[in-house]
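A short worksheet on the structure shown next.
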Amino acid sequence: MYPIYCCFEDSFGWMLQKEKEKLHKKIHDLQRGLDAKQALELEVERLRGIFHVRNRNRETDLEEKKKLELIKMDLQEKEEQLEKVVDLQKALIVKDLKTNDELQEVRKKLISWIGCPKNTSRVIIAVKKMGDLEIKPFVEASKREFPAEGNGRAAQRKLVEEREMKAIEWSIKWDNYVRDPRWHPFKVVTDKEGNSEEILDENDEKLKSLRNELGDEVHDAVVTALKEMNEYNPSGRYPVPELWNFREGRKATLKEGVAHLMSQWKLSKEKKA
């Protein structure tokens, strides 16, 4: 087990270091290419202006004609250089897309290896299904719907069953709403600069009735699922797995995912030792 673990750890560490180096080089190359392109464009425009001005003056001596020819040759050379810079930028963009595809494949692997935890209360890095409706707020709402009455095991057991059934009923109902493409409680707003953004419509009748009926916690859980679904899978309307940092409530980085996987391998190794 130990040699496999070491190989696995070294492989991922090497891979992440290489990707980091590629990213820095890509940023440097793009910036250098952009600066060179802008400088060449300015130089080409300057030479074109000089060429056109002098070319319009037909009464030029031999010396002026030689200068004009040199300007023309310089202009052609700069235009060729500009074309090469443009080609380089295109190649870098293609390379960038390929690198992103490779990183997405690594992310998918991590998601499949780490998996979704049954209980996220003590989890830091794990997989979250974006658009999946959390049931805990519905359980809390069912406790308010069915307050404790009477004593005895039979009464307690019946109360727990009633609460569970109601929570499941509510969660299934609202999960179906979240997955229904016909329900889209969002609206588009435009700021003064003309930038448009899609935001939740708080005046949506279903959301207003949900808040009144089951409270803020359930309302917020449904809103969270709606926003996640709208971001990750607005057309398919089914939950999508994502590598998640539960402590900070955000998408986890590849580095965090690999570090978590390494710690799990170490714990597994220590238990078997």
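The values are calculated or read from the model by the stated rules, or taken from the named source; none is laboratory data. Every value quoted in this text rests on a predicted model; they were computed, and no experiment measured them. Glycine also receives a Cβ, built like all others from the backbone with ideal geometry; neighbour counts cover every protein chain displayed. Note: areas computed on protein heavy atoms with side chains; ligands, DNA, RNA excluded. Shrake-Rupley method; radii C 1.70, N 1.55, O 1.52, S 1.80 Å.
Table for the structure above
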read-out: Scan of the stretch 242-268 for residues that are open to solvent by 40 Å² or more (accessible area, probe 1.4 Å) and of a type in the set (D, E, K, R), ordered by number; value: ARG247, GLU248, ARG250, LYS251, LYS255, GLU256, LYS266
read-out: Residue within the stretch 50-69 that is outside any helix (DSSP H, G or I) and either at pLDDT 70 or above or open to solvent by 100 Å² or more (accessible area, probe 1.4 Å) (or both) present; value: yes
read-out: Complete set of residues in the stretch 103-129 that are open to solvent by 60 Å² or more (accessible area, probe 1.4 Å) and under 15 Å from the mean Cα position of the chain (by Cα); value: GLN104, GLU105, LYS108, LYS129
read-out: Condition broken by MET165, with the remaining ones in (1) open to solvent by 70 Å² or more (accessible area, probe 1.4 Å); (2) part of a loop (DSSP other than H, G, I, E, B); (3) without any contact (Cβ under 8 Å) to a residue 12 or more places away in the chain satisfied; value: (2)
read-out: Subset of the stretch 212-241 (residues that are open to solvent by less than 10 Å² (accessible area, probe 1.4 Å) and under 17 Å from the mean Cα position of the chain (by Cα)); value: ALA225, LEU226, MET229
read-out: Close pairs from the stretch 75-101: first within 30 Å of GLY49 (Cα to Cα), partner at pLDDT below 70 and acidic (Asp, Glu), Cβ under 6 Å, at least 6 apart; value: LYS78/GLU43
read-out: Residues of the stretch 211-249 classified as under 23 Å from GLU198 (Cβ atoms) and of a type in the set (S, T, N, Q), total; value: 4
read-out: Verdict on PRO241 being in contact with a strand residue (DSSP E or B) (Cβ under 7 Å, 6 or more places away or on another chain) and either assigned to a helix (DSSP H, G or I) or not β-branched (Val, Ile, Thr) (or both); value: yes
read-out: Among (1) open to solvent by 90 Å² or more (accessible area, probe 1.4 Å); (2) within 17 Å of PRO137 (Cβ to Cβ), the one test that SER209 misses; value: (1)
read-out: Among residues of the stretch 118-149, those that are out of contact with any Lys or Arg (no Cβ under 9 Å at 6 or more places or on another chain), of a type outside the set (A, V, I, L, M) and farther than 20 Å from GLU231 by Cβ, counted; value: 10
read-out: Neighbours by Cβ (under 8 Å, 6+ apart or cross-chain): first from the stretch 172-194, without any contact (Cβ under 8 Å) to a residue 40 or more places away in the chain; second among the hydroxyl-bearing types (Ser, Thr, Tyr); value: TRP183/TYR177; VAL188/SER196; VAL189/SER196; THR190/SER196
read-out: Residue tally, condition touching a residue at least 40 places away in the same chain (Cβ under 8 Å), open to solvent by 70 Å² or more (accessible area, probe 1.4 Å) and among the small types (Gly, Ala, Ser), over the stretch 137-155; value: 0
read-out: Residues located in the stretch 247-268, provided they are among the aliphatic types (A, V, I, L, M) and over 10 Å from LEU110 (Cβ atoms); value: ALA259, MET262, LEU267
read-out: Selected residue (only one of GLY236, GLY257 is assigned to a loop (DSSP other than H, G, I, E, B), within 22 Å of GLY115 (Cβ to Cβ) and either out of contact with any helix residue (DSSP H, G or I) (no Cβ under 6 Å at 6 or more places or on another chain) or touching a residue at least 40 places away in the same chain (Cβ under 8 Å) (or both)); value: GLY236
